[in-house]
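Let me begin by presenting the structure, written as structure tokens, before commenting on it.
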Amino acid sequence: MDRDVLAPVAYLAVEFPAGRVTGEGFALVHDLVAPGVIAVLDLEFIAKEADGSVHKVRLDDIDHGADVDITQWQGAYSGLLDQDDVDTVAAAMRSGGLTGIIVYENVWAAPMLAAMDANGARLVGSGSIDVDDLIQSLNDTSPA
């Protein structure tokens, strides 16, 4: 694999309203990391208190089930998330919630991008579709 090519980088923010993290989601992320489908660049958690204040939570301090192996995510810090990103996610959170923000590289795309680059093609855009927009579009095009 050609690691001179950076594949698209994205993030997901998942809120755990009860403030407790379970291992099922982490196991599925690991299942994508192990074969090189994605690479986790950053994993941070933020909490929103009842008064609306927000603060980062250290990975070691997260309330989690025994099925979560926190040690495999130690060191997943890229510095890509800035205060504006945290504020945007925090605005969508409920008071008392805990949100995990994972920044990941779509490593699967690197070989494809390298091959296209070798032939003179170049990536000119990347993005994602908002889930609510996708659902609305699907509903709008569904037969009545």
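Taken together, the values in this text are just the output of simple stated rules run on the coordinates, not laboratory data. These numbers come from a predicted model, not from an experiment. Cβ placement follows ideal geometry from the backbone for every residue including glycine, while neighbour counts extend to all protein chains displayed.
Worth a mention:
- For the chain, the 222 nm mean residue ellipticity estimated from helices alone, with every DSSP H stretch of n ≥ 4 adding -39500 (n - 2.57) and the total spread over all residues, rounds to -8500 deg cm²/dmol.
- Charge dipole magnitude, Cβ of K and R +1, D and E -1 - the stretch 9-141, Cα centre, debye nearest 20: 220
- Look at the Cα gyration tensor of the stretch 44-106: its axes a ≥ b ≥ c give a/c of at least 1.5 with a/b at or below b/c, and that counts as oblate.
- Relative contact order (%) - criterion: Cα under 8 Å, at least six apart; region: the chain: 41
- Length released on extending from Val124 to Gln72, taking residue separation times 0.36 nm less the Cα-Cα span: 15.3 nm
- On Cα atoms only, tilt of 131-141 relative to the major axis of the chain in degrees: 60
- Shape of the stretch 57-144, Cα gyration tensor, a/c cut at 1.5: oblate
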